[in-house]
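**Q** The structure follows.
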Amino acid sequence: MRKTRSLEQWRNIIEEQQASDLTITEFCQQHALSKTSFYAARSKLTAASLAIR
């Protein structure tokens, strides 16, 4: 089942991954996330933070 997440939810997920000792692949597997979605959300968040500056 497809789940839509807000950028704020993705920000929390990405921060959780960074705080873990897991690679992105391992983290995504353990949390049933698509690596493609993870990288896309990270890219959007990076672009948004650069636009704010």
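Please treat every number below as a calculation from the coordinates, not as lab data. Fair warning: this is a prediction, and the values are worked out from it, not measured in the lab. Heads up, the Cβs are rebuilt from the backbone with ideal geometry, glycines too, and the neighbour counts pull from every protein chain shown.
**Q** Net charge within 13 Å of L7 by Cβ-Cβ distance, Lys/Arg positive one each and Asp/Glu negative one each, not counting L7 itself?
**A** Residues close to L7 contribute a combined charge of +2.
**Q** For Rg and Dmax of the Cα atoms in Å, one of (i) 11.3, 36; (ii) 14.1, 49; (iii) 19.9, 61 was computed from the structure I shared and the rest are decoys. Which label?
**A** Recomputing Rg and Dmax of the Cα atoms in Å here picks out (i).
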